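Undergrad: For reference, the structure I am asking about is given below.
What follows is calculated from the coordinates using simple rules that are stated; it is not laboratory data. Here the structure is a predicted model, which is why all the values come from computation and not from measurement. Glycine also receives a Cβ, built like all others from the backbone with ideal geometry; neighbour counts cover every protein chain displayed.
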Amino acid sequence: MLKTACAEAASWATPLKVSVNVSPIQLMNTSLTDTIIEVLHQTGLDPRRLDLEITESDVFNENTRSLEILSQLREQGIQISIDDFGTGYSSLSRLSYFPFDKIKIDRSFVINIPEQKDDLDIVRLIISMGKSLHMRIVAEGVETEEQLASLQALGCDLVQGYLIGKPSPLR
């Protein structure tokens, strides 16, 4: 999957980023860094165009190996995003120790804004916290103009969801 995504992105006329999910098993693999670097060399994709997405529940465990691997990848110029943020049980104090470039707010918090004040407050908190840690913020599952307007007013950097575009094959 990684090699296919990187090869496809390397062929694009516009130098857009490509995001690839990393599974917990992959994250525990001691050769993950070498494998990714090799794929980047084989495909010719600039590491700065690769964004690896790791779910919150997969990374915030007591394993320091995950931190080492993510740090090594980030040193290569690869971006690291924490996906589905807010659905796990991570300690917010640990967030600053991990080398994340982006926080992706889970759609379960976005779907009921702006009507649901509690969700709006949680999203506001995540955006504020992420920005204070110099991370970009992405809201997942944006489906209405009202959600988009609320997220823009809160300072969310990027959004994804059906309002912006539905998933489609590359070709």
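Undergrad: Relative to the present Cα-Cα distance, how much length would full extension add between I164 and H41 at 0.36 nm per residue of separation?
TA: 41.0 nm
Undergrad: If contacts are Cα pairs under 8 angstrom and at least 6 residues apart, what is the relative contact order of the chain in percent?
TA: Taking the mean separation of contacting Cα pairs over the length of the chain, I get 15 percent.
Undergrad: Residues with amide H under 5 Å of E53's amide H, sequence separation 5 or more or different chain, H placed in the peptide plane at 1.01 Å from N; which?
TA: Correct list: V20, N21, V22, S81.
Undergrad: In sequence order, what are the phi-derived ³J(HN,Hα) couplings for the range 142-156 according to the Karplus relation 6.51 cos²θ - 1.76 cosθ + 1.60 with θ = phi - 60°, rounded to whole Hz, with x for glycine and proline?
TA: 6, 10, 10, 4, 5, 4, 4, 4, 5, 5, 5, 5, 7, x, 5
Undergrad: While we're looking at this one, here's another question. Could you work out the Rg to Rh ratio of the range 1-57, with Rh taken as the Kirkwood radius (inverse of the mean 1/r over all Cα pairs)?
TA: Using Cα coordinates only, the ratio equals 0.97.
Undergrad: Okay, moving on. Can you tell me the Rg and the Dmax, both Å, for the Cα atoms in the chain?
TA: 16.4, 49
Undergrad: Could you please rank R74, R65, placing first whichever residue has the fewest other Cβ atoms within 10 Å of its Cβ?
TA: R65, R74
Undergrad: So, one more: Gain in length, K3 to R65, computed as 0.36 nm per residue apart minus the alpha-carbon separation, to one decimal in nm?
TA: Difference between extended and current length: 20.0 nm.
Undergrad: Once the range 118-171 is represented by equal point scatterers at the alpha-carbon sites, with solvent omitted, what log10 I(q)/I(0) does the Debye formula produce at q = 0.12, 0.18, 0.19, 0.26 Å⁻¹?
TA: Normalising to I(0) and taking log10 leaves -0.29, -0.60, -0.65, -1.01.
Undergrad: Taking 1 over the mean of 1/r across every pair of different Cα atoms in the range 101-142, what Kirkwood radius in Å do you get?
TA: About 10.2 Å, per the Kirkwood formula over Cα pairs.
Undergrad: Taking the Cα atoms only, what angle lies between the long axis of helix 2-11 and the longest principal axis of the chain, rounded to 10 degrees?
TA: Helix 2-11 and the main axis of the chain meet at about 90 degrees.
Undergrad: Here is a further query. Looking at S81, I36, Q147, which one has the Cα that reaches farthest to the positive end of the dipole of the chain (charges on Cβ: Lys, Arg +1; Asp, Glu -1)?
TA: Farthest towards the positive pole: I36.
Undergrad: Going 7 Å from the Cα of E146 toward and past its Cβ, which residues in the range 105-119 have a backbone nitrogen under 19 Å from where you end up?
TA: From the range 105-119, the list is 107-119.
Undergrad: Before rounding to the nearest 500, sum -39500 (n - 2.57) across all DSSP H runs of length at least 4 in the chain and divide by the residue total; then give [θ] at 222 nm in deg cm²/dmol.
TA: Rounded to the nearest 500, it is -12500 deg cm²/dmol.
Undergrad: On a 0 to 90° scale, report how tilted helix 32-43 is relative to the longest principal axis of the chain, with both axes built from alpha carbons and the result rounded to the nearest 10.
TA: Result, in degrees: 80.
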